[in-house]
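The values are calculated or read from the model by the stated rules, or taken from the named source; none is laboratory data. Keep in mind that what you see is a predicted model, and the values were worked out from it rather than measured. Here Cβ is always computed from backbone atoms with ideal geometry, including for glycine, and neighbour counts include all displayed protein chains.
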Amino acid sequence: MNIRERLRNTHSLSANERTIAEYLLNQTTEAVGMDYHKLAERCHVSVSCVFRLCRKLEVKGFNELKLRLSKELNEELSRYRNVDFSMPFGADDSLESLTNSLANVYKQTIDDTIRMLDIQEFKAVVSVLTQAPRIFFIGSGSNLLIGQSLMQKLQEIGVNIHVPSEFADGRLVCSSAEAGSAALVVSYAGISSYMLECVKELRLRKVKIILISSRLDQKLHYFADYRLYLCSKENPQMKIANFSSSCSAQFLCDLLFSAYFQQNYERFWRYRKKKTYL
């Protein structure tokens, strides 16, 4: 049994010793940089309590405890260098490992999204959005939340954007969309029949379609005028949650908003300040 496993096995520890154990498990990186006086102060316990815990863990002293904790943490973190984007953590992972795993998912997701970004295509998308009299955001599930976030940002600078809810509302909005408008269509895998119906209707209405999807999409891209790619490392059928795909979509939408804002920076900034203080 390694040190971290012993720290999790708290049945033989006093209340103060459990406090130290929890701190060592959840703040290992910070703890290994402390001396025992600082650790005792941080945990609001006595120095003698730190030494009693060391004896129960069968280590010779606090320095050995720190060395072994640091070694075990590095070994644990090394297993997450190649993160499983669909199942990034397990049932028994420590909070610190879980935190590092998710951070690694987000970092790699954004790096991957940037790597796949076609700058010329992106500039063309921004140009279409700035010239469109109205912008639609078509999505489902968690992508609707990203659309609502984008809508709030754009409405704060006076942009006409509509984010319909799914199904009946979405179909109704698409069937009445004006020619020359632009539609941001966000779908990770493009397998939703609802999304396909919306895209076909928008195409008939001569709306410029900007598809934000992964490379797994096999249907929607046939109807798109422009395409931006999401990080494609999640399994759409087997995953804990939309960690990577949502991060990628949020990043691209924030990037689009920022580039849109830059097109008329001073005017948008004045508009936003005025609206904020009304």
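The residue that is nearest to Cys198 (Cα to Cα), among those in the stretch 132-143 that are modelled with pLDDT of 90 or more and touching an Asp or Glu at 6+ places or on another chain (Cβ under 8 Å), is Arg134. Taken residue by residue, the stretch 77-94 has at least one member that is assigned to a helix (DSSP H, G or I) and under 30 Å from Ser244 (Cβ atoms). Looking only at the stretch 178-229, residues that are surrounded by fewer than 22 Cβ atoms within 10 Å (Cβ to Cβ) and aliphatic (A, V, I, L, M) come to 7 in all.
If you go through the stretch 103-116 and pick out every residue that is surrounded by 17 or more Cβ atoms within 10 Å (Cβ to Cβ) and hydrophobic (A, V, I, L, M, F, W, C), you end up with 2. Suppose we keep only residues that are without any contact (Cβ under 8 Å) to a residue 60 or more places away in the chain and under 25 Å from the mean Cα position of the chain (by Cα) within the stretch 195-214. Which one would you say is farthest from Leu117 (Cα to Cα)? By that ranking, first place goes to Met195. If you take the residues of the stretch 11-30 that are surrounded by 14 or more Cβ atoms within 10 Å (Cβ to Cβ) and not in a helix (DSSP H, G or I), which of them is modelled with the highest pLDDT? Top of the filtered list is Ser14. Cys174: touching a Gly at 6+ places or on another chain (Cβ under 8 Å) and in the same structural domain as Asp254 (by TED's automatic domain parsing), yes or no? No. Only a single item in (1) in the same structural domain as Asp225 (by TED's automatic domain parsing); (2) modelled with pLDDT under 95 is not met by Ser127, and it is number (2). Considered as a group, the residues in the stretch 249-278 that are at pLDDT 95 or above and among the hydroxyl-bearing types (Ser, Thr, Tyr) include one that is nearest to the chain's Cα centre (by Cα), and that residue is Ser258. From Ala168, Ala177, Ala183, grab the single residue that is more than 16 Å from Leu230 (Cα to Cα) and at pLDDT 90 or above. Result of the check over Ala168, Ala177, Ala183: Ala183. A count restricted to the stretch 31-51 and to residues that are assigned to a helix (DSSP H, G or I), within 36 Å of the chain's Cα centre (by Cα) and exposed (fewer than 14 other Cβ atoms within 10 Å of the Cβ) stands at 2.
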